[in-house]
Amino acid sequence: MNYIETFYSRTLADAAERPPLEGVQEADCCIVGGGLAGLSTAFHLTEAGKSVILLEENRIGWGASGRNGGFVSPGYAHGRAAIAGMVGQAHGDALHRLSIEGMRLVRQHIDALGLDEAAPRNGIMSVVRYDTGESLRCDAETMRERFDYPLTFMDTEEVRAELRSERYFQALRDDQAFHFHPLNYLRGLAGTVEKAGGQIFEQSPAVTLHRKGALSLIDTPNGQVKARDLVIATGGYTGSLSDRLQRAYLPIATYVLLSEDNPELIASAIRTRHAVGDNRRAGDYYRLVDDGRRILWGGRITTRAARTEALARELRAEMVSTFPQLADLRVELAWSGMMSYARHRMPQIGSLGPNIWHCTAFGGHGMNTTAIGGKVVAEAILGDETRLRLFAPFGLAWAGGAVGLAVAQTTFWKLQMQDKWQEWRSQKGG
């Protein structure tokens, strides 16, 4: 299956296809899933001299890793305070440092490996849609003192000078975080893995798994891989290879649109090349692409796939309600993708048994956490599980099936209403 049409597939630097697996192959490690979690694991293992075979059901970066908003910043889908409440402050801080490392790791790879086609641009603004300046100032101070990570506080006047909208109040600007072309990055990283000796097979779904002594045997439609270690890194597109993994996450759909080419109209509303995300649950995130000529705007989540055209209309309505100046800006393209969320909203990184590893559930904050997740799994395979154990509290508990999806959707709607109420109060000066 080829890439769905997105801004990223339209602007691929290299569209070369890789062959499917045929016959019986052997490796130290087999990785299932060609997103950033799988590729990151493969990169670090090949760097350490291990032989690796990576199986991708479709194309490299076909899923969420290659069709997202392109934001790379610290953090997880769950907030720092909530994580600390679950595992304690010191443990929570260690996890947050890992998320910072994951962000920096992606940027280091772009620079060191010469992946210019990833086109990184520094700067992400986290804006609020109701007046909460003191809270943001405190957050910036915490990040500086606890993590040596500076953030710039922007007051309402500064925010509205760059984002011409009465909907926004204050913001924190992160000049280390960045946005980029994720699909070009993944394909560039895949090429690096291959240069180091790794083998990557596309159109090669892992159909069945069984054990024979100390080996995992992974069958595809036309072949088989025998490997000592197996890593399952399939995210929102996890199939029947592992029922335990499939039951442990909720498949959540998110949506993105691409505007027409109209730089003059866009500049009347958005006067920054920083990426922007707001503070609401499943809030809007957007950035200028194509050298400032178009807007890439994402948002909304649903617990079952909805018609992309209908959700694109909702996204456009949200964009225009935020920036009335853009009422005449047309939508050229829209797409959706499936993310995997655990009920605890943290990545699920660990072991399913001897030499079988999982690295999944990165929905909502994946481009930094998949990168560090793959590195942590590679470390465990190479004999050091120290950092893997930081994720032990976030296990593979049943996500609730259809009931879990219904609860998640209801919770989202409830949080949306709370956000709207707070926005209304701020707009009224309450």
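The values are calculated or read from the model by the stated rules, or taken from the named source; none is laboratory data. Note that the structure is a prediction, hence the values are computed from the model and not measured. Each accessible area value is taken on the protein alone, full model and side chains, heavy atoms only, with ligands, DNA and RNA left out. Shrake-Rupley method; radii C 1.70, N 1.55, O 1.52, S 1.80 Å.
Separation of the range 303-347 from the range 213-271 is 19 Å, based on Cα centroids. Distant-in-sequence amide contacts of Gly34, defined by a placed amide H-H separation under 5 Å and a gap of 5 or more residues or a different chain, comprise Glu57, Gly61. Here the Karplus curve 6.51 cos²θ - 1.76 cosθ + 1.60, taken at θ = phi - 60°, turns the phi angles of the range 187-198 into couplings of 5, x, 5, 4, x, 5, 4, 5, 5, 7, x, x Hz, with x standing for Gly and Pro. Taking the solvent-accessible surface of protein heavy atoms with a 1.4 Å probe, what is the per residue accessible area of the range 1-155 in Å²? Normalised by residue count, the accessible surface of the range 1-155 is 41 Å².
Heavy-atom accessible area with a 1.4 Å probe sorts Ser73, Ser216, largest first, into Ser73, Ser216.
Of the solvent-accessible surface of the chain, computed with a 1.4 Å probe and all protein chains present, 50% belongs to carbon and sulfur.
Shape class for the range 57-116, computed from the alpha carbon gyration tensor (a ≥ b ≥ c): oblate, with a/c not under 1.5 and a/b at or below b/c. Our coupling estimate for the range 207-216, obtained by passing each phi through the Karplus curve with A = 6.51, B = -1.76, C = 1.60 and θ = phi - 60°, is 8, 9, 10, 8, 9, 9, x, 8, 9, 9 Hz, Gly and Pro reported as x. Rolling a 1.4 Å probe across the protein heavy atoms gives the range 316-384 an accessible surface of 31 Å² per residue. Result for the chain in a Gaussian network model with C-alpha springs under 10 Å: among Arg330, Arg345, Arg300, the largest mean-square fluctuation is at Arg330.
For the chain, modelled as a GNM whose springs connect Cα atoms under 10 angstrom apart, the maximal fluctuation among Asp384, Asp229, Asp148 occurs at Asp148.
How high is the relative contact order of the chain, given as a whole-number percent (alpha carbon pairs under 8 Å, six or more residues apart)? With pairs under 8 Å counted, the relative contact order is 24 percent.
If you run the Gaussian network model on the chain, springs between alpha carbon atoms under 10 Å, then out of Val24, Val52, Val72 the most flexible one is Val24.
Rounded to whole numbers, the Karplus 3J(HN,Hα) couplings from phi for the range 3-14 are 5, 5, 7, 9, 4, 6, 5, 5, 10, 4, 6, 8 Hz, using 6.51 cos²θ - 1.76 cosθ + 1.60 with θ = phi - 60°, and x at Gly and Pro.
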